[in-house]
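Working notes, structure below.
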Amino acid sequence: MTSPLTPPTPPHRRPAQSSRSGEAERQPWQLPASGADVTGLTGATGTAYGPDGQDGPGMKTEVREGAVITVAVALGGVLMGLLWLWLAPRVPLVGDVTGNTWVVYLKDSEGEQAVGVDGTFTLLALAFGVLSAVAVFLVRRRGGVPLVVALCVGSLLGAVLAWRLGVWLGPQQDVIAHAQAVGKGVTFPAPLKLGAKGALLAWPLAALVVHLGITALFGPRDPEGYDSVSA
């Protein structure tokens, strides 16, 4: 017989059931199981995940954007080539006839016009490197390896395009024929020539350094930790 002062035996407690039958409780920062749709999923810190579950738009999208950036930056070489042709100093040549043979020589043997041609190309390449890096950063602030590779490849192609376009549109390459056309003792410009081929690397190097710098200073920051989640 149970004493009146003895408390009744408590009923058996059942474990808390999940909100969905058969589905394990998942923390807000955890991704769903493999095969589930994660498009537009955000973690506790608000970071968006792409279709492949990775941070950002996804590798395929980055590769497509990189291809577009490569072409766009390379086409900038057309403008640079025209500016180089316009701004580069001319190297004066003079033709003379010795016997029955035409000879072409520098009018000013101590002139520095040839150095100025290389210097003009280098300065333009540095300027285009800065502009292309800033433009690419403004288009896509998050960055990424495909983006950086596309910027460097496009810059190198643009520099080569500017060089070849300037040479092609510049003065005639056949200096003997040019001397014969203008006449004996008449000064004419030498073909546009890039003596220091290392100047072709000025554009990609400047673009790489500037882009990495502004990305480090002004790019989006990764979260340092998870926010506390209330039960």
Q) What number, in percent, do you get for the relative contact order of region 104-231 if the mean sequence gap of Cα pairs under 8 Å and at least 6 apart is divided by its residue count? A) 44 percent
(Q) Suppose each label sits 7 Å from its Cα in the direction of the beta carbon; what would the L106-K184 distance come out to in nanometres? (A) 2.5 nm
Q: Taking all protein chains together and a probe of 1.4 Å, list S109, S155 from the most accessible to the least accessible.
A: S109, S155
Q.
Just the number please: accessible area per residue for region 88-211, 1.4 Å probe, all protein chains included, in Å².
A. 52 Å²
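The values are calculated or read from the model by the stated rules, or taken from the named source; none is laboratory data. Remember, it's a predicted structure, so these values are computed and weren't measured experimentally. Neighbour counts are summed over all protein chains in view; Cβ atoms, including those assigned to glycine, are modelled from backbone coordinates with ideal geometry. Protein only, heavy atoms only, side chains kept; ligands, DNA and RNA dropped before computing areas. Shrake-Rupley method; radii C 1.70, N 1.55, O 1.52, S 1.80 Å.
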